[in-house]
Amino acid sequence: MTYFNLAEPIFRPKQKELDYQDRQGLLRFSIKIKNSTLLYSFYTRIDQVFVLWGLISAVIFFTAQFAPIDWITQAIFWSIITLIGTAIMGFLTYFWVQVERLRWVLYTWALLMLGGVIVTDCAILYGWGQVLMNLCPMWLALSAIGYICTGVGLRSRAFIVSGIFHLLGIAVLPYFIGWQFLATGLIMTLNLLVFAETQWDMRAPIKNYNLLTEEQAEFNKQQYLLRQRATMNI
């Protein structure tokens, strides 16, 4: 038995056969003209977190690149928006990580984000020049750690690859002298949007769902069988 679920593609189009925990707080988005559907998509709470952090990453790093705002003001802005994002992330994902027994992954991300904010703020307030010159590599490294930990927890090759992608981003940053904030923002934002818009691989369902009723657990089993059939037809 392999550690990763090799039967699943690393990325594929979203599947509609969602488990009970994924259907909670589901958002649907569609554009219709008369009886024709031009665009339809749906976003689980996990997807919503990806979109949220994608927007936060874009706002923070693009502001740092293009807006003539002093560092102290930006530090305050970054801290507030990151704290709000972390709180919303916890609210949206807590039930899912409880059901999947992955609370440690959520806590890891929260610690990484809060730790990054503290180091960034201290570097700006106390003039830690070496840290200030390496803010972009630092945030890419923190993100890489988070993705790799998520990949280990979910047994997901997609998240491991994402972590490596962020590490490669650190390697190419020196070639973007003067544009490192823009490059970092693009790497982080585009990566998050890919996760929000696709289905990524993860381990097979756990055997016992302690937080779900028997009916809900049986529903998940049937949804898993439907997903397996759909995957075989890809």
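Points worth noting:
- In this simple spin-label approximation, Leu125 and Asp70 carry label points 7 Å from Cα along the Cα→Cβ vector, and these lie 1.6 nm apart.
- Mean residue ellipticity at 222 nm, helices only, the chain: -22500 deg cm²/dmol; runs of at least 4 DSSP H residues each add -39,500 (n - 2.57), and the sum is divided by the number of residues.
- Additional length obtainable on full extension of the chain from Gln24 to Phe95, 0.36 nm per residue less Cα span: 24.7 nm
- Normalising by residue count, the chain has a Cα convex hull of 155 Å³ per residue.
- Gain upon complete extension [Phe77, Phe11; 0.36 nm per residue less C-alpha separation]: 20.3 nm
- Compared with the alpha-carbon gap, the fully stretched path from Thr2 to Arg229 is longer by 79.7 nm at 0.36 nm per residue.
Here, each number is a calculation from the coordinates, and none is a lab measurement. Treat the numbers as computed from the prediction; the structure is a model and nothing was measured. FYI the Cβ positions are ideal-geometry reconstructions off the backbone, even for glycines, and counts take in every protein chain you see.
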